[in-house]
Amino acid sequence: MNQVAQLRPAGAVATESQSITSLVLFMTGELLPEMIFHWPIEAKKVGENLQGAAQAYARPLHGQGFTPPLIRLALQAEVESEREFMPKPIELANRCRELMGHQQRAERPAVTASISPAAVRMMAESRLFCTKQPVTEEAVAQEMACVVEQCRARGVEVSGGSW
């Protein structure tokens, strides 16, 4: 069994598949015809494989929180830029990111790195073993204090169970 599939919650694959399918339908039914209207030179290339073109546009936009109104707004910005050809899928995704601004970053919770006291102890003991010093409780405690100091200097929080 695929290791990634084991980590996903039940029904996650079906949900991902459904969301990309709805985005492909939006691209096929609404956005690509509008794009062909504004850039008729590309109509032949897109018209040959409308489903494939819709998937090519939907993949970079999938899972990034881009809603159809935001994609329409990004496309409108591309239309107003007076370019001759349709924007590439990644260009459309980048324009959506620009329009979202800093909202996407602000919504994500801050993540701090942390390490357990047991890991700190193991690092301290391994340092003592590598330097061929005696591994006594006192030496381990001193080395643990050094490791904790270095971790905190790098912004890593020491949290968890007991030492």
Residue within the stretch 72-79 that is in contact with a Cys (Cβ under 9 Å, 6 or more places away or on another chain) and in a helix (DSSP H, G or I) present: yes
The stretch 73-106: number of residues that are modelled with pLDDT of 80 or more and of a type in the set (S, T, N, Q): 2
The stretch 127-163, residues that are in a helix (DSSP H, G or I), acidic (Asp, Glu) and under 16 Å from SER116 (Cα atoms): GLU143, GLU149
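Okay, residues lined up against (1) at pLDDT 80 or above; (2) surrounded by fewer than 13 Cβ atoms within 10 Å (Cβ to Cβ); (3) over 30 Å from GLU157 (Cα atoms):
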residue: PHE37; (1), (2), (3): no, yes, yes
residue: PHE66; (1), (2), (3): no, no, yes
residue: ARG127; (1), (2), (3): yes, no, no
residue: GLN133; (1), (2), (3): yes, yes, no
Qualifying residue in the stretch 147-162 (condition: modelled with pLDDT under 80, among the polar types (S, T, N, Q) and over 30 Å from TRP39 (Cβ atoms)): yes
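Based on this model, can you work out whether GLY29 counts as in contact with a Ser or Thr (Cβ under 8 Å, 6 or more places away or on another chain) and either assigned by TED's automatic domain parsing to the domain that holds VAL79 or at pLDDT below 75 (or both)?
Numbers: in contact with a Ser or Thr (Cβ under 8 Å, 6 or more places away or on another chain): no; either assigned by TED's automatic domain parsing to the domain that holds VAL79 or at pLDDT below 75 (or both): yes.
Answer is no for this residue.
The values are calculated or read from the model by the stated rules, or taken from the named source; none is laboratory data. This structure is a prediction, so every number in the text was calculated from the model and none was measured. Positions of Cβ are backbone-derived with ideal geometry, glycine not excepted, and every protein chain shown enters the neighbour counts.
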